[in-house]
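Peer 1: Provided herewith is a single structure, encoded as structure tokens, for subsequent inquiry.
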Amino acid sequence: MHTLKKNRPLRRIVLASAATVSGMVLLLSLKPHTTPAVAGPASTPAPSSSSGASTGTAGSDGTTGSDGSAATGTRSLTGDSVQTRWGPVQVRVTLKGGRLTDVTAVTYPQENPRDQQINAYAIPQLTREALTAQSADIDTVSGATYTSDGYRRSLQSALDSASG
């Protein structure tokens, strides 16, 4: 005889309840997929100094030599706050002699432990890439797509304000 016949009503109730609970859990665990608005390409290189060479030698990390001298002064600029799916991302850049010497994430998603875990490895990686590339033309960090996009767009806005 079939398992859902009327001679075992308790089994039917248990199976129907389990199916309902499973369906609700699956339904509630889905997150809507939205794509953030994307501004134009972020591949414009950082502005470089055209007033002559720096007296300090540039290291591989983009900093000047031990004497710290440069053709132009040090400027610190904050990029636009970019709203992502998980929260705003904003960076501050330091330019010394037309070179990108530091990038600091001022604001980024930190609301829950998962955000903190993702951004603990994504932000330093994005910073290293920006300093190496000397521009906002950096790769997306796997697992931190939205943060990477917001970081790149905020970085580009800071670099744009430096050249303007």
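Peer 1: Could you check how many residues of region 133-146 are in contact with a strand residue (DSSP E or B) (Cβ under 6 Å, 6 or more places away or on another chain) and over 10 Å from Val82 (Cβ atoms)?
Peer 2: Looking only at that region, the number is 2.
Peer 1: Taking the condition touching an Asp or Glu at 6+ places or on another chain (Cβ under 6 Å) and either within 27 Å of Tyr146 (Cβ to Cβ) or modelled with pLDDT under 80 (or both), does Ser43 pass?
Peer 2: When the stated conditions are applied, Ser43 passes them.
Peer 1: Against the definition (open to solvent by less than 70 Å² (accessible area, probe 1.4 Å), farther than 16 Å from Pro88 by Cα and of a type in the set (Asp, Glu)), how does Asp139 come out, yes or no?
Peer 2: Against the criterion (open to solvent by less than 70 Å² (accessible area, probe 1.4 Å), farther than 16 Å from Pro88 by Cα and of a type in the set (Asp, Glu)), Asp139 does not qualify.
Peer 1: Considering region 124-136 alone, what residues qualify as being of a type outside the set (Lys, Arg), open to solvent by 20 Å² or more (accessible area, probe 1.4 Å) and in a helix (DSSP H, G or I)? Before you say what the answer is, go through the steps one by one.
Peer 2: Just the residues of region 124-136 that are of a type outside the set (Lys, Arg), to begin with: 124-127, 129-136.
If we keep only those that are open to solvent by 20 Å² or more (accessible area, probe 1.4 Å) as well, we get 124-125, 127, 129, 131-134.
The answer is Pro124, Gln125, Thr127, Glu129, Leu131, Thr132, Ala133.
Peer 1: Further question: Pull out all pairs, ordered by first then second residue, where Cβ-Cβ is under 7 Å, the residues are six or more apart or on different chains, the first lies in region 89-112 and is touching a residue at least 24 places away in the same chain (Cβ under 8 Å), and the second is of a type in the set (Lys, Arg) and surrounded by 17 or more Cβ atoms within 10 Å (Cβ to Cβ).
Peer 2: From region 89-112, the pairs are Val106/Arg92.
Peer 1: Consider Ala133 carefully, then state whether it is among the small types (Gly, Ala, Ser), over 21 Å from Ser157 (Cα atoms) and at pLDDT below 90.
Peer 2: It is false that Ala133 is among the small types (Gly, Ala, Ser), over 21 Å from Ser157 (Cα atoms) and at pLDDT below 90.
Peer 1: Another question about this same structure. Is at least one residue of region 146-164 among the small types (Gly, Ala, Ser), more than 14 Å from Leu77 (Cα to Cα) and open to solvent by 40 Å² or more (accessible area, probe 1.4 Å)?
Peer 2: no
The values are calculated or read from the model by the stated rules, or taken from the named source; none is laboratory data. The structure presented is a predicted model; accordingly, all values stated were derived computationally and were not measured. Every residue, glycine as well, gets a Cβ built from its backbone with ideal geometry; the counts of neighbours run over all protein chains shown. Accessible surface is based on the protein model in full, side chains and every heavy atom, while ligands, DNA and RNA are left aside. Shrake-Rupley method; radii C 1.70, N 1.55, O 1.52, S 1.80 Å.
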